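Please read the structure below before turning to the comments.
The values are calculated or read from the model by the stated rules, or taken from the named source; none is laboratory data. Note that the coordinates shown come from a computational prediction; the quantities given were computed from them, not determined experimentally. Backbone-built Cβ (ideal geometry, glycine too); neighbour counts: all protein chains shown.
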Ligand code: OGA
Ligand code: MN
């Protein structure tokens, strides 16, 4: 991918920072990098490579403004604006507020983001390359985010399932979990006709090739995938159920326990993710930017 770089940042002094892989096969933390300062091209290239190698990187101890999060995110590509306009940060529509906080009877952000395993915006023709989630207010317990390696899921997929899905596509729908009684807590507002038009269903290959690392990955998830194109409903559901279970086996999962001032940047082409859940009485708020990727192939 041609990672755009800001002409103005090319001359910035280098920052000494460490990339420390986690014990799990997925994920690494980046320590000693200050994202409020411009990154020069060499430092940016290291961050980019770490993102490709570990699929999710955790920038510790960041103190950045919404505009700085947006600017840094833009170095990876075009930003996507979420369809739920009511949860976009004022004056910064590139930021989606993810929060369980209710103020004056109104949710301040998307409260049930990630309740099911998913890849962000897989329901778009151009799904997300990656998302950055920046901690603003963290609960004293719970609120973890889990990530599952979809390259590993493909690499270890039993032969009968590989044969069953190779070359097939699946339909992804933003509203797949919307209208089936999962909306009882009212986090998801009813969509206007205009919003519905923005989230018309799409189909994508079940096995995609990562455009930058060349590896194959499974690209289905319980959150947005509804069925396999061309198969009878029962067969489709049976296969998807097996794929979902296989995708999230513990060996391929990293559980992120948030620390204050973490900014987490994951690759939606390599991983699916899940919100572990926050006790209702505790407050949690994060800011998400979402980078557009390519059409899956
Ligand atoms: C998201 C998401 C999970 C979480 O913001 O895209 O899925 O733990 N969030 O908040
Ligand atoms: Mn998500």
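In table form, for the structure just shown:
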{"quantity": "Residues within the stretch 281-297 that are within 14 Å of ligand 1 (Cβ to nearest atom) and either touching a helix residue (DSSP H, G or I) at 6+ places or on another chain (Cβ under 9 Å) or part of a strand (DSSP E or B) (or both), tallied", "calculated": "7"}
{"quantity": "Residue within the stretch 79-86 that is in a helix (DSSP H, G or I) and more than 14 Å from ligand 1 (Cβ to nearest atom) present", "calculated": "yes"}
{"quantity": "Given (1) within 25 Å of residue 290 (Cα to Cα); (2) out of contact with any strand residue (DSSP E or B) (no Cβ under 8 Å at 6 or more places or on another chain); (3) part of a loop (DSSP other than H, G, I, E, B); (4) away from ligand 1 (no atom under 14 Å from the Cβ), number of the condition residue 126 does not satisfy", "calculated": "(2)"}
{"quantity": "Some residue of the stretch 15-28 being under 21 Å from residue 63 (Cα atoms) and out of contact with any strand residue (DSSP E or B) (no Cβ under 7 Å at 6 or more places or on another chain)", "calculated": "yes"}
{"quantity": "In the stretch 29-45, residue farthest from residue 133 (Cα to Cα) [restricted to those that are in contact with a strand residue (DSSP E or B) (Cβ under 9 Å, 6 or more places away or on another chain) and crowded, with 17+ Cβ neighbours inside 10 Å]", "calculated": "33"}
{"quantity": "Failed criterion for residue 96 (all others in (1) outside any strand (DSSP E or B); (2) surrounded by 24 or more Cβ atoms within 10 Å (Cβ to Cβ); (3) within 10 Å of ligand 1 (Cβ to nearest atom) hold)", "calculated": "(1)"}
{"quantity": "Any hit, the stretch 8-23, residues being surrounded by 18 or more Cβ atoms within 10 Å (Cβ to Cβ), under 20 Å from the mean Cα position of the chain (by Cα) and at pLDDT 95 or above", "calculated": "no"}
{"quantity": "Hey, residue 295 without any contact (Cβ under 8 Å) to a residue 24 or more places away in the chain, more than 16 Å from ligand 2 (Cβ to nearest atom) and surrounded by fewer than 19 Cβ atoms within 10 Å (Cβ to Cβ) or not", "calculated": "no"}
{"quantity": "Test: residue in the stretch 104-120 that is free of Cβ contacts under 8 Å to residues at least 12 places away in the same chain, assigned to a loop (DSSP other than H, G, I, E, B), away from ligand 1 (no atom under 16 Å from the Cβ) and at negative phi", "calculated": "no"}
{"quantity": "Boolean, residue 70 is over 25 Å from residue 27 (Cα atoms), in contact (Cβ under 8 Å) with a residue 60 or more places away in the chain, in contact with a strand residue (DSSP E or B) (Cβ under 9 Å, 6 or more places away or on another chain) and more than 16 Å from ligand 2 (Cβ to nearest atom)", "calculated": "no"}
